[in-house]
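A quick write-up on the structure given underneath.
The values are calculated or read from the model by the stated rules, or taken from the named source; none is laboratory data. This one's a predicted model, so the numbers in the text were calculated from it and none came from an experiment. Every residue, glycine among them, receives a Cβ derived from its backbone with ideal geometry; neighbour counts consider all protein chains shown. Note: accessible area is taken over every heavy atom of the protein model, side chains too, but ligands, DNA and RNA are not part of it. Shrake-Rupley method; radii C 1.70, N 1.55, O 1.52, S 1.80 Å.
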Amino acid sequence: MKNEYLVRAHRTETKLDTRDNLMSQLDVQVPADALEFLRAAHNAQETKDVTFQVQVVNTRDGDYRTLKFTSKGSKMKDFVPVATLEKFCDPHDNLTALFDRAAFELNLIVEVKERQRPDAKPLFEEEEQEPTVIVAGVLNAPKEVLALPGTEDIQDAEFVDAFPAAFLDACTADQLGQLFAHLNFGKLTDPTEEELAGARAKLLKYWHLLEGTNIVAKIRDEQATRSTEDGDAA
């Protein structure tokens, strides 16, 4: 089983492990619906041949390189789904450069090969219970007002969020242009209705790169203000 996800660098750290090896850790933001597979792949590392690779694509010339990692786990961190990856430190990896989204596109490639040991369990149990579904529609509000369980309670939950499509439908052409610019997708100049629909579809596809950002919070505030003003006018 092999899955590939478009991700972005979230945090990096280099430190000594318990054996005095200098290790580099890289947190990457992943789609929320990838967490179940990533956790299963992480847990299977001892009994199966599992590979975690980050393909770094240079957006300017199309050149790419591949970094091989092991998994340290995946979870919701401050309401952002992240996978923590680790490898022996190599200065040539230049992990800090990966935060430049205009220069690099990151693809996380996770492959789990067939079971390697007779006692190895299936990647997903056949009679697995339905995951708990938590609707998390407010990701940018202060933590003290979020009516959600604590981080420890939601790490194993599947997040289903109906917010993005409704949010994008309410965006003006100018606001969609701001989101495009934030993701370095270019400019929306006098777009037609068909082009606006295409822009919304593309932003929805890459929503995991937008959720929790300041630009989304700003536009939500603008939409709330506009809605209030329209209500007063009526």
Hits in segment 74-96 (condition: within 27 Å of Asp20 (Cβ to Cβ), open to solvent by 10 Å² or more (accessible area, probe 1.4 Å) and aliphatic (A, V, I, L, M)): Leu95
message: I'm checking my understanding of the structure. Among residues of segment 162-189 that are surrounded by 17 or more Cβ atoms within 10 Å (Cβ to Cβ) and part of a loop (DSSP other than H, G, I, E, B), which one is modelled with the lowest pLDDT?
response: Leu188
- request: Looking for whichever is assigned to a strand (DSSP E or B) and either modelled with pLDDT under 90 or surrounded by 15 or more Cβ atoms within 10 Å (Cβ to Cβ) (or both) here; the options are Glu126, Glu130, Glu114. Which one fits?
  value: Glu114
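The rows are residues; the columns are (1) without any contact (Cβ under 8 Å) to a residue 12 or more places away in the chain; (2) out of contact with any Lys or Arg (no Cβ under 7 Å at 6 or more places or on another chain); (3) under 28 Å from Ala83 (Cβ atoms); (4) of a type in the set (Ser, Thr, Tyr).
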site: Gln175; (1), (2), (3), (4): no, yes, no, no
site: His182; (1), (2), (3), (4): no, yes, yes, no
site: Pro191; (1), (2), (3), (4): no, yes, no, no
site: Ala197; (1), (2), (3), (4): yes, yes, no, no
- request: Just give me the residues in segment 50-83 being under 17 Å from the mean Cα position of the chain (by Cα) and under 17 Å from Asn3 (Cβ atoms), in sequence order.
  value: Phe52, Gln53, Val54, Gln55, Ser71, Gly73, Ser74, Pro81, Val82, Ala83
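This table checks each residue for (1) farther than 17 Å from Phe167 by Cα; (2) crowded, with 16+ Cβ neighbours inside 10 Å.
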site: Pro191; (1), (2): yes, yes
site: Tyr206; (1), (2): no, no
site: Leu209; (1), (2): no, yes
site: Val216; (1), (2): no, yes
site: Thr225; (1), (2): no, no
